[in-house]
1. Could you list all residues from the range 98-122 that are of a type outside the set (A, V, I, L, M, F, W, C), surrounded by fewer than 24 Cβ atoms within 10 Å (Cβ to Cβ) and not in a helix (DSSP H, G or I)?
2. Just the residues that are modelled with pLDDT of 90 or more, part of a helix (DSSP H, G or I) and crowded, with 19+ Cβ neighbours inside 10 Å, please, taken from the range 130-158.
3. Could you list, in sequence order, the residues of the range 71-97 that are part of a loop (DSSP other than H, G, I, E, B) and either open to solvent by less than 20 Å² (accessible area, probe 1.4 Å) or not hydroxyl-bearing (Ser, Thr, Tyr) (or both)?
Amino acid sequence: MLKCVVNDFCDNHITDKSVMLCATIESILKKQDVGFYLKKWKTKYNNLDYGKALSNFLENKKPIESSGILGAIRVIPYIHLSNDLNKIIELALKNANTTHIGKDIDNGVKALITSLYMVKNNKDKAEIYKAINKIYNLDEIDKNLIKNIDQTPICQNIIPQAILVFLKAK
């Protein structure tokens with residue numbers, strides 16, 4: 001996924017996700033609250049559609065109930081900050097919950113961070129499946145994967161589908 005972000009910039013195809021990843025990375029590097037950098041980077045690339053959760057945060061400084069994927073995707077860099085999965089999830093949720101709140105975003109963040117952390121630490125696919133299956137019913141998602149592939153791009157659809165496709169890949 002980070003390769004896609006780099007390609008976004010290299011191919012002059014900048015997306016809301018790549019911009020928000022940059023905001024997260026800058027806030028991590030400068031050890032400051034992510035909210036300032038979300039605004040800074042959105043202002044710099046203001047011609048993109050960032051969704052209502054980020055717009056609401058920038059106007060009202062409050063998160064909203066949202067299952068948008070942007071809140072989960074931008075937390076990916078946190079997997080490099082610690083060897084403690086629980087600490088990483090805590091930091092990632094704090095970032096995501098700056099703009100998005102609710103069970104869907106929290107589950108998306110937990111599943112994404114857990115799976116990436118486990119891959120980074122050379123866990124096998126069976127272990128990853130077992131861990132993610134505690135968050136999402138992967139057996140049920142697998143049965144309906146093709147039928148549901150065009151669903152709305154929200155955390156509860158996209159993240160478990162992407163993880164499942166990875167786990168099934170040879």
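The values are calculated or read from the model by the stated rules, or taken from the named source; none is laboratory data. This is a predicted model, so every value here is computed, not measured. Cβ: placed from backbone, ideal geometry, glycine included. Neighbour counts: every protein chain shown. Surface areas here come from the heavy atoms of the whole protein model, side chains and all, with no ligands, DNA or RNA. Shrake-Rupley method; radii C 1.70, N 1.55, O 1.52, S 1.80 Å.
1. Those that are of a type outside the set (A, V, I, L, M, F, W, C), surrounded by fewer than 24 Cβ atoms within 10 Å (Cβ to Cβ) and not in a helix (DSSP H, G or I): 98, 102, 121, 122.
2. 132, 138
3. The initial filter retains those residues of the range 71-97 that are part of a loop (DSSP other than H, G, I, E, B), namely 74-75, 81-84, 97.
Matches in the range 71-97: 74, 75, 81, 83, 84, 97.
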